[in-house]
Amino acid sequence: MAVMKNRWPIPLVALALLVLFAAFNAKPMATAGEVAAWVQGVGSLLAVIAAVGVYAKQYQDKKADDLEQTCAFVQAIKHEISTVWNRHIGRIGTALTHVPDGKHLDGLVPITPNSLVTYSNASARVGHINDEALRTTIVSVYAMLRDYFSDLDLNNRLLANIEHFRNTYPGEDINQEMDRKRYAMVILARSMKKCHAQLQRDIPELMANIDAWLQRKQRPATTGGIMRFDLETFKTWAELALTCASFIALPVGGWWVYHNFSVEDTHEINPNISVTAEFKPYDDERRLLIVHVRPKNVGKVPIELDGGKNGDIEVQVKVIPSKMADGPINLDKLPVQYRVSNFVSRYQGGYIMEPGIDYEEVLTFVVPKDTTYLVNAEMAHFEVPDDEVDGSYVIKVD
């Protein structure tokens, strides 16, 4: 099962090859753009596969590191509890079990609750142990050990208090007070005996559970080797494939750049302009003609209009006579009724048109009603003196 888990790149690569084969049948490489797109697509697919492999390796490493830290923590717990129990609690327990019922533990114990440093400094690591029974036993034993240590520490303080009381108490009822304090220590001794007896049962059980858990978590030596071999082999092949794709992409990419700039003229400026119009009431005999001029840069390089002979926009409003002969109309010969020249010159610093951005300028004219108008907007001199683009719109103003 471990071997099969580590062979996951094989079906992934097979699926990628199947997708590429199906895509090539559906969309073969017929143009330079499609060649470049295929090179980019294959490179991206290889990059995704490599990224999945790297992520899988990092995930496995993280799991292994986490398990290693958890095992080290559990081993440290075992060592700490064994040391405390064998070197300290064992001797104290022997003295405690020989205390007759109705008597207290008479003797200072050199131990405090702060002796449990491993558990105190890394108690959150208990949550990483994936065995609920072991987690419960560890928490229970440590809680009982802390109670046991606290009782021993309290017994030390009560002994010191009795000694100080015996030497300093001036009252004649000193014997009664001493009996009261000794009785409190007798109750404490009974509690410590029960706790000690419980620990004698729980600690050996905890040690056995820890040994069993650690044995289960020991991975076979060959598993790590197979995992390293598979991942390293996959990484090598992925790097080789990416290198080959890079060598292919460089000349194809260079040719594609040449194709764009020399054949399709993507480095050339490509302006466009359109115009629309509408009218609103103004007075009984006239209307407000609203003209929308929309210059646009449909190329891939910015266009700068600096005004006048260095690039400008002109708007003309011409009247189309109502009584003309049937047939085509020569729009160039129509009389110009209104003209807005050097439109860009009103902007300080000129007019910069960024690629792909739509611009809109609004002009208003007061015009007679019941007339048909031709609105023309022209952008001229944007690169050389003879360059111009224009757009027209016909509107009947009622």
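Annotations for the structure displayed:
- Taking every alpha-carbon pair under 8 Å whose residues sit at least 6 apart, segment 330-398 reaches a relative contact order of 25 percent.
- Pairs of Cα atoms farther than 19 Å apart, segment 271-397, %: 51 percent
- Rounded if a/c under 1.5, otherwise prolate or oblate - segment 151-192, Cα gyration tensor axes: oblate
- FRET efficiency, Leu108 to Arg180 (Cβ-Cβ, R0 30 Å, nearest 0.05): 0.90
- Ranked list, fewest to most other Cβ atoms within 10 Å of each Cβ, for Lys194, Lys323, Lys300: Lys323, Lys194, Lys300
- The label point for Thr94 and the one for Lys369, both projected 7 Å from the Cα toward the Cβ, are 12.1 nm apart.
- Residues Val317, Val366 arranged by fewest to most Cβ contacts within 10 Å: Val366, Val317
- Contact order relative to length of segment 271-397, as percent, for alpha carbon pairs under 8 angstrom and 6 or more apart: 37 percent
- Relative pair counts by distance (%), Cα atoms of segment 93-208, 5 Å bins: 2, 10, 18, 19, 15, 12, 9, 6, 4, 3, 1, 1, 0
- Under 5 Å from the amide H of Lys300 lie the amide H atoms of Asn270, each residue being 5 or more positions distant or on a separate chain, with H modelled from the backbone and absent for Pro and chain starts.
- For Asp284, Asp398, Asp358, Asp151, order by how many other beta-carbon atoms lie within 10 Å, fewest first: Asp284, Asp398, Asp358, Asp151
- Extension reserve of the Ala325-Lys63 stretch, reckoned as 0.36 nm per residue once the Cα distance is removed: 85.4 nm
Only the coordinates and a few stated rules stand behind these numbers; no lab work does. Small disclaimer: the values here were computed from a predicted structure and weren't measured. Methodologically, a virtual Cβ is constructed for each residue, glycine included, from the backbone with ideal geometry; neighbour enumeration extends over all protein chains shown.
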